[in-house]
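K.L.:
Following this message is one structure expressed as C-alpha cells.
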Amino acid sequence: MLKNITACLRASNDKICLLLLLILLGACDGRPWNNPYPHEEDDQNIMYSSFSERPKHLDPARSYSASEYQFIGQIYEPPLQYHYLKRPYALIPLTAEAVPHPRYYDADGNEMPDDGDMEVAYSVYDIRIRPGIRYQPHPAFAKDGEGRFLYHDLTRGEIESLYTLADFTRTGTRELVAEDYVYQIKRLAHPRLFSPILGIMSEYIVGLSAYAKTLENAYKALDSEGEGKFLDLRRYALEGVQAVDRYTYRITVKGKYPQLVYWLAMPFFSPVPVEADIFYSQPGMAEKNFTFDWYPVGTGPYYLTVNDPNRKMVMARNPHFHGETYPREGEAGDAAAGLLSDAGRPLPFIDKVVYSLEKESIPLWNKFLQGYYDTSGISSDSFDQAISIGSQGDIALTERMRAKGIRLQTAVNTSIFYMGFNMMDPVTGGYSERQRKLRQAISIALDYEEFISIFANGRGIPAQGAIPPGIFGYREGQDGINPYVYDWIDGRAVRKPIEEARRLLAEAGYEKGVDQETGKPLVLYFDVTGGGPDDKARMDWYRKQFQKLDIQLVVRNTDYNRFRDKMRNGNAQIFMWGWNADYPDPENFFFLLYGPNGKVKYHGENAANYDNPEFNRLFEQMKNMDNGPERLRIIEAMNDIVRRDAPWIWGLHPKSFALYHSWYHNAKPNLMANNTLKYKRIDPVLRKEKRAQWNQPVLWPLGLLGLLLVALIVPAVFTYIRREHRAPAIRGES
Amino acid sequence: MLAYIARRLLYAVPILIGVNLITFMLFFIVNTPDDMARMHLGMKHVTPQAIEKWKAERGYDKPLLYNEEAQGLSTFTDTIFFQKSVRLFAFDFGLSDDGRDIGHDIYQRMWPSLAIAVPILVFGLLTNITVAMLLAFFRATYIDVTGVIMLVALMSISSLFYIIGGQYVIGKLLHLVPISGYDSGMNALKFIVLPVLVALLYGIGSGGRWYRTIFLEEIGKDYVRTARAKGLSERLVLFRHVLKNAMIPILTGVVVLLPLLFMGSLILESFFGIPGLGSYVIDAIQAQDFAIVRSMVFVGSVLYIIGLILTDISYTLVDPRIRLS
C-alpha cells in the first residue's frame, strides 16, 4: 500500500514537474507574462480599449449617452455624419446620397422660396439613400431554401437552449431600404421604448405626437391578447414620415427646423430592419437578453460579436460593409500631422475592437503604460505622471511619456459647466437692477481661472458665455469676452478686480455683505450633491470666493434625487449644472436659457428658470435661421442680454486630454462624430515589439524573496529541533 | 437532525419576509419610483408623461405598502411591495428595471466570484492555520513576538494599499501577471493569481492572530497537559490534539462563509476587473435598480441562513458531544 502511494506521489511529482517545465518553456518564448490578451491575438489587427460602466441601452431609439455611442456609433448608420477632419464641424452624407436641403411650404401647401420672409408652415426633407448597402450578418435575416425566415417563429422551448446570438447557426443579410429609416422613426413613438427624444421630436415631426397615442392604444389592445406582443409599426402610418420609393424617404416638420439635419447624424435616426424587431419580439427572447438593447443590428463598419458588459464587448469588421474611403481633405495642419497619409484608402482599417471593463483608473492607466490599451484619457491620479506644466502654463508630455513615443491631443469640449442662480429666488433671482448687480458681483468674485488651475489641472477654459468654442456664435479675442466680468488688457481677458465686485455689491444694497435694508448679513445657499472628502476642498474654495465679498455661503449637501427634486420645485438658490452639446448649433445651448423651457414651470432644461422676454423673442428668431451674419448679430445680442442678466456664472468649458501610443494613427478629436473608429489605424507589429520591450518579467525579486524565506525558516527549524530534543518538563508551558 | 433542519428552514420564512420588508423600506426612503424612472430614462429631455409611462410599465405606479383604493386582500396584494416580493420566494428574480434577466446575470457573475473566493478561502485557511500553528509552537519566543507584530502591522493596513501595491509591484514593476482583467476557463488562472495573493496577504493579519489565539487557548487546557505528560512530542500534541479541538471555532467562522462566497468581493473585483457579483449590488444601488437590489439581498439572506444551518450541522460532525434536536 505504502509502495503504491509513494509511486503515485512520484508520478504526481513528475506531472507537476512537467507542468512547471511547460510553463517555464512557455515563459521563455519572449511573450510578456502580464499580457492580458490571448497569445493568438498578438499579431492581429485588433484595437484594445476600455469602458468604465456597462452600457444601459444599445437600442438606437433609447441610447443617449457617450458611453453607449462608442459602441452603437460604429454599428448603426444614420443618413448623415460629421466630416472627420474638417472644422468647423461639417455634415456630409453617410448612407444618404447628399445632405438633404428642405423645401418650404405655406399653410396652403404652396412651395415657398428658400429666402422668403413669409411664415413657413412645413419643411420637407427628402432623403435618398445609396443602393447596395447591406446589413451585418444576423439570424433575423436567415431564410430557408423556400425563402421563409428560419428564426421568426421560435417556441419558448427552442429559445430555452440559446444563450448568445452566436448560438443561432444560420445568419443572413439584406439590402438597406428607405422603409428601415421610416420604421426607426416610428419606433421613437413606441410605448415600450421611452425614447428620450420623443417629446422634442413630437414638437417638430408632423403627426408624431398623435402617432404615439395611436401606438399606445394599439399596444394596449395587443396587451389584452396575451403573449407575443409584436406591435407591427408598418400597419400604422406616420403622417410626417413616409417612404417615397425603395431608396427615398421623406420627413415633414412643422415650420422651419434647420437643426433636423444634425439629428439625422445621430443614432436615433439610424435604420432598423423590421425582421430584427419581429425576431426580438418573440416570447422568451427578452428573458434571454435577445433584444435591440443587447444585440444591435446595423449596416456600419463593425458589428457586435460579444456582449458581456460585465467583462468585455467585442466588435468585428462587418463583412457586408458598403465601403467608404478615408477623407482626402481636412483643415490646415492635418497633412503635416500625418492625418492625410491614408487619404483615399478603404475604411475601416482595424479588424476587431476589444473593449474591456475597467472600473478603476489606476489599473487602466498602468495597462496603458504597458501597451495593453492603445489609447487613454488622463485621470487626476495620473496627471502628474503624464503632463508637465511649464512656467507659462504651457502643457506638454513628461519626458517619460515622450520616451515611450506617446502622443498627446487636447480639445476643448463642446460642453459647459456653470453655476446657476435660480431666477425665481427672491434674493439671487429676479430682473431688478439690484438683483442683477448682486449676480454680476458674484460672477466677478468667483475666480474660475483659479478653479481650473486647482481642481481641473488646467483642463478647461473659463467660459465667456453659453456657447463653447467650435460652435457657431463663439467669438475669440476681445469681441468674445464677457464685459461684465472681464477686461481686455494686453491682448488677453483679465478678470475684473474684486473692488469692482464690491462696488457692484454695494450698489446692490449689500455693502460689505450686509443687507442695507434689514441690517442682516447676506447668507446664500449653494445646493450640491455628493459631499465626499474629494468635494470638501472644492466647497471650501467656493466659500472663500464668496467670502471675498463678505457673503456667507452655506453649502447644502444632499443626495442626487433630492437635489433634482429641489431643482424641479425651484427650491434651490445656487447650483452647479452642465450641458454637453447634442449638435454644433448655438440653439442647443441658448435653449437652456429660453423661458418656455423653464424647469419649474415647464419641466424643461432651463434649470435657472431664466425668462427674459427679449431673449426669448430673439431665441425664437435665431433658432430657425441658417448660419450667417444676421444670425451672428442676433446671437451677439442674446449674449449681451444674458451676460448682463447673469443668470449663470459662466463657469468653464472642459478640455479633454487624450494619449495615444506610437502605433495608433489618425487620431484627431472629433467631439461631434460618434463613428470615428473606422478612421483609426494601428500597427500591430510595432505594438507587439513595444509590449515585449516594456514587459519583460523581472524575476530576481522572487529569488530574493525565496532567500528571505529561507533565512526566516532556518533559525525556526533549529529552534524546533532544539525544543523537540528537550524534556517536556523543561519546555515549561505557559 | 432532519426535523431540526426543517424547523430552521421554516424559521427562515419570516426572516426572509422581514429582510425583504426592511430592504424595501430602506430603498424607498431614499428613492421614489419617480427617481427610479428618471434615472432609467436618462438625463436629457425626460418628460413627466414618460416618467408616468415608465412607472406604469414596471408596476411602480401602485402604492408602496397599502392600497387604500383596493378592496379586501387587494389592499395588501395590489401594492409594489407584494407584487415585487412574492415571486422572490419562488426564486423568480424576473427582469431588472432596465430589462435584463437578473437570474442570468447572477448565474454569469457567480463563477468569476467563486473563481477568486474559493482559492482565497482554501489557501487563506491553510496559510492562516499554518502561521498560527507556527506562532503557537514558538510561543513566547522572539519568533512569536516578531510574528505577532508583523500580523498586527499587516491587519492595520487598508486593503486598498495591498491591492494598489500588489498591482504596482507584481503587475507593473515585475511584469509577472496582468494588472487586471478576467478570462474564462484555464485562461482565468493568470488573472486570479494576483487578487488571490493580495487577499491572502491582507487576510493573514487578522486570520493568523485569531487562529493563534484559539490555539493558545486550547494549548492551556488540561488534556494538552495530559498529552504532554504522556510524553507526546510537541508536534504531535499540536497536530493531533490541539488542531482537532480548535477546529470547532474555526469551523464556526468558515462554514458560515461558504455560501457567501457566491456574493463576491466588491473592492477586489472592482480593482481587478473581475466580473463577479461583488459589484453587482453596488452598481444596482447607483443605478437605482430596485429589482436587482431586492434580488441580491434576498439571495444573500438565503445564503446566510444556509450558512448558519451548515455551521450547526458541522458542529455535530466535529464534536460528538453536540446533538441537534
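Throughout, read-outs are computed from the coordinates displayed, never taken from laboratory work. Treat the numbers as computed from the prediction; the structure is a model and nothing was measured. Please note: Cβ atoms are built from the backbone with ideal geometry, for glycine as well, and neighbour counts cover all protein chains shown.
K.L.:
Could you work out, residue by residue across B:163-175, how many beta carbons of other chains sit within 10 Å of that residue's beta carbon, and then give the average as an integer?
P.N.:
Rounded to a whole number, the mean comes out at 5.
K.L.:
Using DSSP to define loop residues, name the trypsin sites (Lys or Arg not before Pro) in segment A:251-318 whose beta-carbon has at most 13 other beta-carbon atoms within 10 Å.
P.N.:
Qualifying residues, ordered by number: none.
K.L.:
OK, next. Report the calculated FRET efficiency for A:ARG503 and A:THR529 (r = Cβ-Cβ distance, R0 = 41 Å), to the nearest 0.05.
P.N.:
0.75
K.L.:
Next question, about the same structure. Placing +1 at every Lys and Arg Cβ and -1 at every Asp and Glu Cβ, with all other atoms neutral, what dipole size does the protein assembly as shown have around its Cα centre, in debye to the nearest 20?
P.N.:
Once rounded to the nearest 20, the dipole reads 4440 debye.
K.L.:
Give, in whole angstrom and from largest to smallest, the semi-axes √(5λ) of the equivalent ellipsoid of segment B:158-202, with λ running over the eigenvalues of the Cα gyration tensor.
P.N.:
They are 18, 12, 7 Å, listed largest first.
K.L.:
Explain nothing, just the number: relative contact order of chain A, from Cα pairs under 8 Å at least 6 residues apart, as a whole percent.
P.N.:
Reported relative contact order: 17 percent.
K.L.:
Let me ask something additional. When a footprinting reagent is the concern and you count Cβ atoms within 10 Å, what order do A:THR325, A:THR558, A:THR299, A:THR428 take, fewest first?
P.N.:
Sorted ascending by nearby Cβ count, the order is A:THR325, A:THR558, A:THR428, A:THR299.
K.L.:
Rounded to the nearest 20 Debye, what is the dipole magnitude of segment B:26-126 about its Cα centre when Lys and Arg each give +1 and Asp and Glu each give -1 at the C-beta?
P.N.:
300 debye
K.L.:
Fewest first, what order do A:LYS680, A:LYS86 take by the number of other Cβ atoms within 10 Å?
P.N.:
A:LYS86, A:LYS680
K.L.:
Based on Cα positions only, what radius of gyration and what Dmax would you give for chain A, in angstroms?
P.N.:
Rg, Dmax (Cα atoms, Å): 31.4, 116.
K.L.:
Under 17 Å from the Cα of A:LYS690, which lysines turn up, not counting those fewer than eight places away in the same chain?
P.N.:
Of all the lysines, those that pass the test against A:LYS690 - Cα under 17 Å, at least 8 places apart if same chain - are A:LYS367, A:LYS404, B:LYS172.
K.L.:
On a C-alpha basis, how far is the centre of segment A:140-218 from the centre of segment B:151-180 in Å? Whole number, if you could?
P.N.:
Measuring centre to centre over Cα atoms gives 49 Å.
K.L.:
Quick one: how many lysine pairs does segment A:164-269 have with C-alpha atoms less than 23 Å apart and a gap of 8 or more or different chains? Give me the count, please.
P.N.:
8
K.L.:
So, in Å, what gap is there between the alpha-carbon centers of segment A:554-590 and segment B:1-53?
P.N.:
29 Å
K.L.:
B:ILE305: net charge of surrounding residues, Cβ under 14 Å, Lys/Arg +1, Asp/Glu -1, itself excluded?
P.N.:
+1
K.L.:
Which of rounded, prolate, oblate describes segment A:336-490, given a ≥ b ≥ c as roots of the alpha-carbon gyration tensor eigenvalues and a/c under 1.5 marking rounded, otherwise prolate only if a/b is larger than b/c?
P.N.:
prolate
K.L.:
Tell me the net charge near A:ARG128. Cut-off is 9 Å between Cβ atoms, A:ARG128 excluded, with +1 for each Lys or Arg and -1 for each Asp or Glu.
P.N.:
Taking every Cβ under 9 Å from that of A:ARG128, the sum is -2.
K.L.:
To continue, here is another question. What FRET efficiency comes out for the pair A:ASP559/B:LEU260, r = Cβ-Cβ distance, R0 = 35 Å, nearest 0.05?
P.N.:
The computed FRET efficiency comes out at 0.75.
K.L.:
With θ set to phi - 60°, apply the Karplus curve 6.51 cos²θ - 1.76 cosθ + 1.60 along segment A:610-623 and write out the HN-Hα couplings as whole Hz, x wherever there is a Gly or Pro.
P.N.:
5, 8, 9, x, 5, 4, 4, 5, 5, 4, 4, 6, 6, 5
K.L.:
What net charge do the residues around A:GLY477 carry, taking every other residue with its C-beta under 14 Å from that of A:GLY477, with Lys and Arg at +1 and Asp and Glu at -1?
P.N.:
Residues near A:GLY477 contribute -3 overall.
K.L.:
Next up: What are the GluC sites (Glu not before Pro) within segment A:455-516 that DSSP puts in a loop, where the Cβ has at most 13 other Cβ atoms within 10 Å?
P.N.:
A:GLU476
K.L.:
Here's something else I'd like to know. DSSP loop GluC sites (Glu not before Pro) in segment A:77-162 with at most 13 other Cβ atoms within 10 Å of their Cβ, which ones?
P.N.:
In loop regions of segment A:77-162 (DSSP not H, G, I, E or B), the sparsely surrounded GluC sites (Glu not before Pro) are A:GLU119, A:GLU146.
K.L.:
Based on alpha-carbon centroids, what's the gap between segment A:673-711 and segment A:441-472 in Å, whole number please?
P.N.:
39 Å
K.L.:
Follow-up. Please arrange A:GLU360, A:GLU636, A:GLU724, A:GLU77 by how many other C-beta atoms lie within 10 Å of their C-beta, fewest to most.
P.N.:
The order, fewest Cβ neighbours first, is A:GLU724, A:GLU636, A:GLU360, A:GLU77.
K.L.:
Per-residue Cβ counts within 10 Å, from other chains only, averaged over B:228-235: what number is that?
P.N.:
Per residue, the average neighbour count from other chains is 3.
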